[in-house]
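Below is one structure, written out as structure tokens, with a few remarks after it.
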């Protein structure tokens, strides 16, 4: 008999009742150090006092009115985002998947209104994850994502990750857009080299193609810059953001230049809940905190500290770990055993991690994780590795 909750998740046998900072408390009272942050969502940890206060204050005033009306909280968050990025304008969603749908629509509408309705093809990359709508899974293209869900949205060309020559051939004067994650999350914490991002920007400029960055997982301070693409010194035309922007509250956004967004006039897109006062009030507070240069410098420092500890972990447990990858506090451990086995061993050691493709264990702690918790996390990962070695 099917359970009341649709069984689409292979859930861990854990249920949590309370969170504070980088820690979660389970129903049985046991505490776990959370290095997953709800898959990069709880950017400021659990129950951050400033976010709790902001949400409480807003909840006592106004929850929802719909986008039929002007929403001051939305205007404020949009100004913070445009003031701290390449973008001129923002559309608010409830998730990264919704942001992906709009990014695709926006790019195609731009070319349509520019007199080139035939420019609908979008270049995407192997290993990508852009969400789970039919458009987003078509952009990813992997069999795991698309099998059984056809027919899918047409018009996507998929290149191998890092295929520079393929990109040169695929991006032409007939291409609509290129969509890429500066750092693949689900794909295994694979960092796109700066030279690759610069090449894509050059090819897009040469051909009039729009460049879309998916920073749903790697954005919002996770790498030590507000957005990951800033390290390469390139900017997109359109960018998807979600996860960390709401600090745990469901919120997403599409950021764009005025030119790229020129086709999105009144009536071309909408959302009932997107940009509601609750989400935008919390999002504005998150951006205020994370965009502070001093905060971002601390993320970079903590990331270096954690990476150093992980490198030592790899050296001590070569039968379990192969290497470390990533930027800032978006880190991955390449594993010898299946990542799911390492995740399970972590449960036993009281530390929470997230599996990814390419045999990688994702480490996505709160951006404000204390140094003491980093040390404790490394100790618990060490215990997990010992358990795996003993079991072999």
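Only residues that are in a loop (DSSP other than H, G, I, E, B) and under 19 Å from residue 332 (Cβ atoms): list them for segment 187-216, please.
187, 188, 189, 192, 193, 215, 216
May I ask you to verify whether residue 99 is touching a helix residue (DSSP H, G or I) at 6+ places or on another chain (Cβ under 9 Å) and closer than 23 Å to residue 271 by Cβ?
For residue 99, the condition - touching a helix residue (DSSP H, G or I) at 6+ places or on another chain (Cβ under 9 Å) and closer than 23 Å to residue 271 by Cβ - is not met.
From the list 74, 58, which residue is over 30 Å from residue 344 (Cα atoms), modelled with pLDDT of 95 or more, part of a helix (DSSP H, G or I) and touching a strand residue (DSSP E or B) at 6+ places or on another chain (Cβ under 9 Å)?
The conditions single out 74.
This table checks each residue for (1) buried (at least 24 other Cβ atoms within 10 Å of the Cβ); (2) assigned by TED's automatic domain parsing to the domain that holds residue 298; (3) free of Cβ contacts under 8 Å to residues at least 60 places away in the same chain; (4) under 22 Å from residue 296 (Cα atoms).
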{"site": "181", "(1), (2), (3), (4)": "yes, no, yes, yes"}
{"site": "185", "(1), (2), (3), (4)": "yes, no, no, yes"}
{"site": "188", "(1), (2), (3), (4)": "no, no, no, no"}
{"site": "196", "(1), (2), (3), (4)": "no, no, yes, no"}
{"site": "207", "(1), (2), (3), (4)": "no, no, yes, no"}
{"site": "221", "(1), (2), (3), (4)": "yes, no, no, yes"}
{"site": "233", "(1), (2), (3), (4)": "no, no, yes, yes"}
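Restricting to segment 235-258, what's the tally of residues that are over 22 Å from residue 302 (Cβ atoms), touching a helix residue (DSSP H, G or I) at 6+ places or on another chain (Cβ under 6 Å) and not in a strand (DSSP E or B)?
3
Checking residue 299 against (1) over 18 Å from the mean Cα position of the chain (by Cα); (2) in the same structural domain as residue 378 (by TED's automatic domain parsing): exactly one of these is not met. Which one?
(1)
Go through segment 7-46 and report how many residues are on the phi > 0 side of the Ramachandran plot, outside the structural domain of residue 365 (by TED's automatic domain parsing) and part of a loop (DSSP other than H, G, I, E, B).
1
For the condition surrounded by fewer than 18 Cβ atoms within 10 Å (Cβ to Cβ), at pLDDT 95 or above and assigned to a helix (DSSP H, G or I), what is the one hit in 284, 304, 266?
Exactly one of 284, 304, 266 is surrounded by fewer than 18 Cβ atoms within 10 Å (Cβ to Cβ), at pLDDT 95 or above and assigned to a helix (DSSP H, G or I), namely 304.
Under the condition of being part of a loop (DSSP other than H, G, I, E, B) and touching a helix residue (DSSP H, G or I) at 6+ places or on another chain (Cβ under 6 Å), which residue from segment 173-183 is farthest from residue 263 (Cα to Cα)?
182
The values are calculated or read from the model by the stated rules, or taken from the named source; none is laboratory data. What you are looking at is a predicted structure, and each value in this text was computed from that prediction instead of being measured. Using ideal geometry, Cβ is built from the backbone for each residue, glycine included, and neighbour counts are taken over all protein chains shown.
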